[in-house]
Amino acid sequence: MDAEIRSQDTRTEPLAIVCGGGAVPAAVAEAALRAGRRVVLFAIRGWADPELVARFPHHWIALGQLGRFVRLARAENCREVVFIGSALRPSLRSMRFDLAALRHLPKAMAMFRGGDDHLLTATARLFEDYGFRLLGAHEVAPEILMPEGAMGQLQPGARENADIARALALIHAIGPFDIGQGAVVADQYVLAVEAAEGTDNMLARIVELRRLGRIPTPVGVGVLVKAPKPGQDNRFDLPAIGPKTVAEVARAGLAGLAVIAGRTIVAEPALVALAAQRAKIFVVGLRDAPR
């Protein structure tokens, strides 16, 4: 069935956007609308922002309501789906499985035995089994991707470039373990590696370590680097930054942040550039991660 869907022109059909938190789902929806495509948001309760969701045709769903999604998406004539937005990894106990999802309970239990990439890829296969085609947000809205080069006037210096290279090598090395997409390095000293806590909480940890005197480098030294994991499915969970990321980098006392151009989502890029200028930190898109 998936091959049949791929062979047909779906550009005139509404796009289903399953959205978590943050401003990126709205940015993707607006980009699709500008391209002349109708959108229907499937907002996840507890994650999606009600004010942003209210701007578009939408339905609210809970985690585990697979049958409800399938029924509503088919009624809306949606065959292509985008998953986008921030989310916390749920526990099986927090899921509100409906009858359709309960049929896949053994598969769901296996999906949760692994990292985020494993979980998302398995979820994609489940949706594809129901005849949906999953797209990356960048396929719908390529303009949300980070461009190459600096956003603003500030550029990383030689010390920052060395820290960026070390952080990228670290992310590449731990990628096969499906751990995280971010690291903080200051003067070649690894301060933090992102795991289950997410980027914001990792940066908050830097703030706390600095308060406790555990950071050996002064304020204004160090970088946050975010990059996709090696072999990551680009349809899901691309690294993302926004004005809040810039604010947290500044609060952590770092010199700036670097991401991979073309493989990182930027929410509200104009505000990102303005926030970086005001905080006097750099935000740079790199050509690619080392192989």
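List of remarks:
For (1) in the same structural domain as Ile281 (by TED's automatic domain parsing); (2) in a loop (DSSP other than H, G, I, E, B); (3) surrounded by 15 or more Cβ atoms within 10 Å (Cβ to Cβ), each residue gets a yes or a no:
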| residue | (1), (2), (3) |
| --- | --- |
| Thr199 | yes, no, yes |
| Leu203 | yes, no, yes |
| Glu208 | yes, no, no |
| Pro216 | yes, yes, no |
| Pro230 | yes, yes, no |
| Arg235 | yes, yes, yes |
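- Residues considered: Gly242, Gly253, Gly180. Of these, the only one that is outside the structural domain of Gly20 (by TED's automatic domain parsing) and in contact with a Leu (Cβ under 8 Å, 6 or more places away or on another chain) is Gly242.
- Considering residues of segment 127-158 that are surrounded by fewer than 16 Cβ atoms within 10 Å (Cβ to Cβ) and in a helix (DSSP H, G or I) only, the residue farthest from the chain's Cα centre (by Cα): Ala158
Residues are listed down the side, and each one gets a yes or a no for (1) modelled with pLDDT under 95; (2) assigned to a loop (DSSP other than H, G, I, E, B); (3) touching a Phe, Trp or Tyr at 6+ places or on another chain (Cβ under 6 Å); (4) crowded, with 22+ Cβ neighbours inside 10 Å:
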residue: Ile17; (1), (2), (3), (4): no, no, no, yes
residue: Ala26; (1), (2), (3), (4): yes, no, no, yes
residue: Ala31; (1), (2), (3), (4): yes, no, no, no
residue: Leu41; (1), (2), (3), (4): no, no, yes, yes
residue: Phe56; (1), (2), (3), (4): no, yes, no, no
residue: Arg68; (1), (2), (3), (4): yes, no, no, no
residue: Ala73; (1), (2), (3), (4): no, no, no, yes
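- Residue match in segment 276-287 (condition: modelled with pLDDT under 95, charged (D, E, K, R), under 15 Å from the mean Cα position of the chain (by Cα) and more than 20 Å from Gly20 (Cα to Cα)): no
Yes or no, residue by residue, for (1) more than 26 Å from Leu145 (Cα to Cα); (2) aromatic (Phe, Trp, Tyr):
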| residue | (1), (2) |
| --- | --- |
| Ala35 | no, no |
| Val39 | no, no |
| Ala43 | no, no |
| Trp47 | no, yes |
| Phe56 | no, yes |
| Ile61 | yes, no |
| Gln65 | yes, no |
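- Unmet criterion (only one of (1) surrounded by fewer than 17 Cβ atoms within 10 Å (Cβ to Cβ); (2) part of a loop (DSSP other than H, G, I, E, B)) for His172: (2)
- Scanning segment 208-230 turns up one or more residues that are closer than 29 Å to Glu139 by Cβ and at pLDDT below 90.
- Exactly one residue among Asn77, Asn161 is polar (S, T, N, Q), modelled with pLDDT of 65 or more and either crowded, with 18+ Cβ neighbours inside 10 Å or assigned to a loop (DSSP other than H, G, I, E, B) (or both), and that residue is Asn77.
- The residues of segment 43-53 that are assigned to a loop (DSSP other than H, G, I, E, B) and surrounded by fewer than 20 Cβ atoms within 10 Å (Cβ to Cβ), listed by number, are Arg45, Gly46, Trp47, Asp49.
- Residues in segment 143-177 that are within 19 Å of Gln232 (Cα to Cα) and in contact (Cβ under 8 Å) with a residue 24 or more places away in the chain: Ile144, Leu145, Met146, Ala167, Leu168, Ala169, Ile171, His172, Gly175, Pro176, Phe177.
The values are calculated or read from the model by the stated rules, or taken from the named source; none is laboratory data. What you are looking at is a predicted structure, and each value in this text was computed from that prediction instead of being measured. As a convention, Cβ positions derive from the backbone with ideal geometry for all residues, glycine included, and neighbour counts pool all protein chains shown.
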